[in-house]
Structure formats: structure tokens, C-alpha cells
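Enquirer: Can you read through this structure? Questions will come right after.
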Amino acid sequence: MTMLIILGVIVLLVAIVVIFYNSLVSLKNRAQEAWADIDVQLKRRYDLIPNLVNVVKGYATHERELFEKVTQARANAIGAQSVADKAEAENVLSGTLKSLFAVSENYPDLKASVNFLELQRELTDTEDKVQAARRFYNANVRDLAIKIESFPSNIVAKIFNFKKMDLFEIAEPAQKEAPQVQF
């Protein structure tokens, strides 16, 4: 009888470990999938930027330094590896894009350009998608962190070396608000 009780306790413990392990794996995979969604939207954004720069170049040829900054910021954002580095690079890129849109204010023909307006609309749509993907990612990362820190799943997380993931956050308070571009 004692042997059955010991065996029952062992089976119960193994079942608990398996349940917590599987839930941790599920949360980790959802967070990684959410990060992939962010990458897709950022890639779309990176693809739009050269077209936007080229359209603006046609009207504002003497803004060479700004074009170089936008191009460099885009390259840095593409090359960023970690979540923190990607967030920082995205903040810089957003700032340079704001400057690009501000420069367009000085060129009435540019503001009336169908290509410029379409690229601006697509970039705004992409920014909205990035924001939604970032919220989804951060929610999954938060859920994983809660599971990793909560008892008794924290024991299983420690045994199997589950680590918390970084949130994808906007660093500067000034950049937490969407830029207002008026034409």
C-alpha cells in the first residue's frame, strides 16, 4: 500500500512538471511568434523607406545630410539583433523619419505628390501594424515572465532554464506619441 502511495505521488509530481513545462514552452513559442510578427512589419517599413527617400529627393535635392541620416538609421535598425538594440534603433529611425516629414513641409509640390501621399499612408499603416504587433509581443512576454516568476512554475522554469524575454518598448517619452504630420 505504501508503495502505491509513493508511486502515486511520483506520478502526480511528474504530471505537474509536464503541465508546467508545456505551458512554459507554449508561452515562449507564442512570444517568439509575436516577435516574428514584429519583424515582418519592420521589414515592410524598411522596404518603404528607400521609396519615400527617393520621392523626397526628387523635390528636396539639397537635403543630402538628412537622407544620409535616414539611410544610416534604416541600416542600423535592420542590423540590430537583440530586442533592446532593435528598440533603440527603431527610436532613432522614427526620429529621422519625423525630420524627413518635417522637411517635406517646405516643399508644396512634394506635399501634393500622389507618390509621396501614398507612401506616407502606407508608412502610417505600417506604423499602426508595428504598434499592434508590439503590444501583442509585449503581452506574450509579460505572460511568460509571470509564469516564470510564479510558484510553483518558477521551480520548473529554473530546472529547465527558461529565461524572461525583453519587452519591446519605446525608450523616449517624447516618442510615445505618434508624430503629427499635417499637409
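Enquirer: Kindly indicate whether any position in the stretch 15-22 is under 19 Å from ILE78 (Cα atoms) and either in a helix (DSSP H, G or I) or within 28 Å of the chain's Cα centre (by Cα) (or both).
Expert: Here is the first cut: in the stretch 15-22, the residues under 19 Å from ILE78 (Cα atoms) are none.
Looking for residues that are under 19 Å from ILE78 (Cα atoms) and either in a helix (DSSP H, G or I) or within 28 Å of the chain's Cα centre (by Cα) (or both), one finds none in the stretch 15-22, hence no.
Enquirer: Filter the stretch 78-122 down to residues that are assigned to a helix (DSSP H, G or I), small (Gly, Ala, Ser) and more than 30 Å from GLN32 (Cα to Cα), then give me how many there are.
Expert: 4
Enquirer: Considering only the stretch 95-131, state which residues are among the small types (Gly, Ala, Ser) and surrounded by fewer than 19 Cβ atoms within 10 Å (Cβ to Cβ).
Expert: GLY95, SER99, ALA102, ALA112, SER113
Enquirer: Quickly run through the stretch 26-77 and pick out the residues that are in a loop (DSSP other than H, G, I, E, B) and more than 16 Å from SER104 (Cα to Cα).
Expert: Of the stretch 26-77, the ones in a loop (DSSP other than H, G, I, E, B) are 60-63.
Selection gives nothing.
Enquirer: Give me the residue from the stretch 38-70 that is surrounded by fewer than 17 Cβ atoms within 10 Å (Cβ to Cβ) and among the charged types (D, E, K, R) and, out of that set, nearest to the chain's Cα centre (by Cα).
Expert: Among those residues, the one meeting the criterion is ASP39.
Enquirer: Quick one: count up the residues across the stretch 21-41 that are in contact with a Lys or Arg (Cβ under 8 Å, 6 or more places away or on another chain) and modelled with pLDDT under 95.
Expert: Of the stretch 21-41, the ones in contact with a Lys or Arg (Cβ under 8 Å, 6 or more places away or on another chain) are 23-24, 27, 38, 41.
Cutting the leftovers down to modelled with pLDDT under 95 gives us 38, 41.
The total comes to 2.
Enquirer: Return yes or no: is ILE5 over 28 Å from LEU144 (Cα atoms) and at pLDDT 90 or above?
Expert: Yes; evaluated as a whole, the condition is true for this residue.
Enquirer: For the stretch 147-157, how many residues meet the condition of being part of a helix (DSSP H, G or I), surrounded by fewer than 20 Cβ atoms within 10 Å (Cβ to Cβ) and over 27 Å from the mean Cα position of the chain (by Cα)? Give the steps one after another, and end with the answer.
Expert: Narrowing the stretch 147-157 to residues part of a helix (DSSP H, G or I): 147-149, 153-157.
If we keep only those that are surrounded by fewer than 20 Cβ atoms within 10 Å (Cβ to Cβ) as well, we get 148-149, 154-155.
After this cut, where a residue has to be over 27 Å from the mean Cα position of the chain (by Cα) as well, the list is 155.
Total satisfying the criteria: 1.
The values are calculated or read from the model by the stated rules, or taken from the named source; none is laboratory data. Please read these numbers as outputs of a predicted model, since none were measured by experiment. Ideal geometry is used to build each Cβ from the backbone, glycine not excepted, and the neighbour counts take in all protein chains shown.
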